[in-house]
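Trainee: The structure under discussion is supplied below as structure tokens; questions concerning it will follow.
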Ligand code: SF4
């Protein structure tokens with residue numbers, strides 16, 4: 001028997017075992033993984049109609065992840081439905097795939113609009129995010145919101161904000177490579193579903209994880225890269241800018257670069273921001 005045939009049979013058996021025992025199938029990398037830690041009551045139950053609707057939802061339909069609402073929609077038999085943001089959020093909230101689950105108050109899947117112009121990928125939740133379950137809500141988050149607003153972007157209108165790891169590393173330490181690897185499937189799936197025009201990668205951890213290489217953010221910030229065919233711009237993390245205000249000039253150059261890129265990619269954004277760009281000389 002050929003190796004790829006053996007792989008197929010193993011995948012099939014994994015799926016069958018999970019289905020029969022009420023477990024959960026989590027698509028990580030390109031294989032199904034049986035996550036034994038997830039309780040059946042947490043399994044996502046988004047109707048087929050809702051799933052299809054989320055694909056074509058207008059930008060104003062902001063995605064938020066009200067956990068209780070998601071749980072109330074749970075239906076164990078719907079685990080084979082197409083992937084959705086809600087399904088990912090529910091998996092994140094019940095995930096125990098790495099040690100970061102041990103001290104979290106809330107997991108933080110992300111929030112914003114479907115089909116965003118920009119997906120902002122940060123590193124991981126901090127204390128405020130852990131407390132609220134929302135991404136980028138502390139001082140760094142407020143700075144991020146201001147930076148986005150300066151070029152006509154916001155999480156309410158045209159962005160989605162997420163992190164590489166969805167649970168807070170204790171004492172705000174860097175997430176370790178195994179924690180990043182354990183969580184990578186979530187942001188990969190979010191990007192695949194959201195299809196942003198651009199990924200804004202905030203900080204070294206985010207850029208390294210998405211570009212799959214060890215990078216120094218000071219060397220690559222402002223230099224356009226690519227993630228799975230999507231333009232990716234590495235930038236300083238807002239918390240770094242709070243610590244070193246002298247870098248804000250470079251950060252503004254990066255935002256202008258992002259703005260110009262979006263103008264080339266999206267006619268609506270170009271028209272909506274024409275006055276703003278003129279006023280700011282972009
Ligand atoms: S950080 Fe990611 S992989 Fe680790 S427990 Fe949280 S959701 Fe799961």
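Nothing in this text is a laboratory measurement; each read-out follows from the coordinates by a stated rule. Please read these numbers as outputs of a predicted model, since none were measured by experiment. In this analysis, Cβ positions are derived from the backbone assuming ideal geometry, glycine residues included, and neighbour counts consider all displayed protein chains.
Trainee: Where the centroid of each part is defined by its Cα atoms, how far is the stretch 140-170 from the stretch 210-252 in Å?
Mentor: 14 Å
Trainee: Could you give me D for the stretch 107-280, from Stokes-Einstein at 10 °C and 1.306 mPa s, where the hydrodynamic radius is the Kirkwood radius over C-alpha pairs? Units µm² s⁻¹, please.
Mentor: 99 µm²/s
Trainee: On alpha-carbon atoms, Rg over Rh for the stretch 115-207 using Kirkwood Rh?
Mentor: Rounded to two decimals, Rg over Rh is 0.95.
Trainee: Shape call for the stretch 196-282 from the C-alpha gyration tensor, a ≥ b ≥ c root eigenvalues: rounded (a/c under 1.5), prolate (a/b greater than b/c) or oblate?
Mentor: Oblate, because a/c is 1.5 or more while a/b does not exceed b/c.
Trainee: So for 274, 246, 257, fewest C-beta neighbours within 10 Å to most, what's the order?
Mentor: Neighbour counts put them in this order, fewest first: 246, 274, 257.
Trainee: Right, another one. Provide 92, 263, 215 in ascending order of the number of other Cβ atoms located within 10 Å of each residue's Cβ, fewest first.
Mentor: Fewest-to-most ranking of 92, 263, 215: 263, 215, 92.
Trainee: Students often check this: by mean Cβ neighbours within 10 Å, which of 219-231, 160-172 ranks highest, and how do the rest follow?
Mentor: 160-172, 219-231
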